[in-house]
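Structure record follows, encoded as structure tokens.
The values are calculated or read from the model by the stated rules, or taken from the named source; none is laboratory data. All of these numbers come straight from a predicted model, not from anything done at the bench. All Cβ positions, glycine included, derive from the backbone under ideal geometry; neighbour counts span all protein chains shown. When the accessible area is computed, the model is the full protein with side chains, heavy atoms only, and any ligands, DNA or RNA have been set aside. Shrake-Rupley method; radii C 1.70, N 1.55, O 1.52, S 1.80 Å.
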Amino acid sequence: KDAEGNTALHLACFAGHLDAVRELITAKAPLESKDSEESTPLHQACFYGHKQIAEALVAAGAQVNATDATGATPLQLAAGQGASSIVSLLLQKEVSVNAFDKKGKSALHHAINHVDCMLMLIERGALV
């Protein structure tokens, strides 16, 4: 880990290096390792909009409901960034649509500026 607690997998997810992510998954890099902000590699992929990386992590068994230091889930981060393809991916899994972060915000709150994400979340039962 580096000074911020990032593993090689965190850094590859942050930078969008799909081939490196695949190699690290194959090498059994820990999917649930948390950095200094308690973010997992999936949090990184979702926040930075790297859909193929998010797909690879989810397929390898990454926890879709993991929370970071703010209580945010990968779904909330993807929704807040307007990453509709990642929101759609996560909604196909056992994701908590109505989970709240430490500020009391759900994925729907995070998606407020992204109508496509909002509609998907409402369709999946997000409380309005």
Worksheet entry | Phi to ³J(HN,Hα) by Karplus 6.51 cos²θ - 1.76 cosθ + 1.60 over the stretch 119-125, Hz, x for Gly, Pro | 4, 4, 5, 5, 4, 8, x
Item to complete: Sum up the charges of everything whose Cβ sits under 15 Å from the Cβ of M120, counting Lys and Arg as +1 and Asp and Glu as -1, but leave M120 out.
Response: +1
Discussion item. What distance in nm separates the two pseudo spin-label positions at V128 and S96, each 7 Å out from Cα along the beta-carbon direction?
Written reply: 2.4 nm
Response to the item:
The percentage of the accessible area of the stretch 3-52 (probe 1.4 Å, all protein chains present) made up of carbon and sulfur atoms, to the nearest whole number, is 54 percent
Discussion item. Strictly greater than 17 Å: what percent of every Cα pair in the stretch 60-128 meets that?
Written reply: 29 percent
Discussion item. Place a point 7 Å from the Cα of L119 along the Cα-to-Cβ direction; which residues of the stretch 69-103 have their backbone N under 16 Å from it?
Written reply: 82-89
Fill in: the chain: calculated mean residue ellipticity at 222 nm from DSSP helix runs of at least 4, using -39500 (n - 2.57)
-13000 deg cm²/dmol
Worksheet item: For the residue pair E23 and A59, what label-to-label distance in nm results when each label sits 7 Å from Cα along the Cα-to-beta-carbon direction?
Response: 1.8 nm
Item to complete: Beta carbons within 10 angstrom, averaged per residue: use that to sort the peptides 114-123, 44-53, highest first.
Response: 44-53, 114-123
